[in-house]
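First up is the structure itself, then whatever we jot down about it.
The values are calculated or read from the model by the stated rules, or taken from the named source; none is laboratory data. What you see is a predicted model, and the numbers here were worked out from it, not measured in a lab. Counting neighbours? That spans all protein chains shown, and the Cβs are built from the backbone with ideal geometry, glycine included. SASA here: full protein model, heavy atoms, side chains in, ligands and nucleic acids out. Shrake-Rupley method; radii C 1.70, N 1.55, O 1.52, S 1.80 Å.
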Amino acid sequence: MPQIDASPASGNAGNAPRRVLTQTTADYLISNWGGRTQHELMMANIKRSLRMLQTGEPACMLGMLHTPDRDAQLWFADTHLTPPHQFVVRVSALAQVPRNAAGEVSLQRVWDERKLSGAFVQGRSYGPELDEVIRRRPADTMSAYVTPDVGGNLLSMIAVGRADYTLEYDFFLTDHLAARGGGVDLVSLPIEGHAEPILSGVACPKNDWGQRVATRANEVLSSPQARRLLKDELLNGLSANARARYGARIDAFYNRPAPGAAASAASAPAGKDRVSPRSPSPPAPAPR
């Protein structure tokens, strides 16, 4: 799993980094897996994790964004339906952010005006649509960084003025601000044209081992207790605005049929209208 560090200065303030969402998923899987399986939890950045998965190493990554192109490369057990990435900007630069009548940020206008410098994590997926937008960005508008986590230290960089904005989840920002003692130095704004919630989950290599582990992960995380735990943690970490906008969709995701209840759910591709998890089919015994 990535070290999703939302503490000030990437944990350098003396507090241990807090691992949002994925730590709860890991703890629940390990405690409820069953059998005599030995679990090893490794902290790795996204670039390294993807390389491990693509080469078929016996490892699964938690918190991996589930995009259509990754369906052909990985097995997934979906765990979260989250609000999409937001435009996170330093309060002192807020007046320079171009927005439409709905308060949504136009990335193209931000780049055309060249008043603000952006930062993003190299190798991280921001969803298929945003990934394509970022790929086509004009030169010298956003800088790519390789980070030990999935972006928590970028929030600290923006807060101290090393960049003006990044693209980040609402719950990461909420946790970051709480770790800083409640001071509001960063704010999040919706991004024009990118408002659909996105799927993430446990991603395993596209081989027999990965299929068995993803199947077992789906089984463990589909219990009522697991779904209630994951949903409550997600909702409690969102801002009031995000809960109002996405709460009903999140409820529907966690009330979806369990794996195996509908055969078609197992083979459905990832997409913005799909909320059922990809359950590897046919189910195979989990490794013990």
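Computed quantities for the displayed model
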read-out	value
Hits in segment 158-172 (condition: modelled with pLDDT of 90 or more and either under 20 Å from the mean Cα position of the chain (by Cα) or among the hydroxyl-bearing types (Ser, Thr, Tyr) (or both))	Ile158, Tyr165, Thr166, Leu167, Glu168
Residues of segment 40-85 classified as open to solvent by less than 10 Å² (accessible area, probe 1.4 Å), part of a loop (DSSP other than H, G, I, E, B) and farther than 21 Å from Val121 by Cα, total	0
Scope segment 190-232; condition open to solvent by 60 Å² or more (accessible area, probe 1.4 Å), touching a residue at least 60 places away in the same chain (Cβ under 8 Å) and under 28 Å from Ala59 (Cα atoms); matching residues	Lys206, Asp208, Trp209, Arg212, Glu219, Leu229
Tally of residues being in contact (Cβ under 8 Å) with a residue 40 or more places away in the chain and among the β-branched types (Val, Ile, Thr) across segment 28-54	2
Residue satisfying all of: in segment 179-189; farther than 22 Å from Val105 by Cβ and either buried (at least 22 other Cβ atoms within 10 Å of the Cβ) or touching a residue at least 24 places away in the same chain (Cβ under 8 Å) (or both); nearest to the chain's Cα centre (by Cα) among these	Ala179
Which numbered condition Val88 misses (of (1) open to solvent by 10 Å² or more (accessible area, probe 1.4 Å); (2) under 21 Å from Ala242 (Cβ atoms))	(1)
Selected residue (criterion: modelled with the lowest pLDDT) from residues of segment 102-122 that are open to solvent by less than 40 Å² (accessible area, probe 1.4 Å) and either in a helix (DSSP H, G or I) or closer than 30 Å to Gln54 by Cβ (or both)	Val121
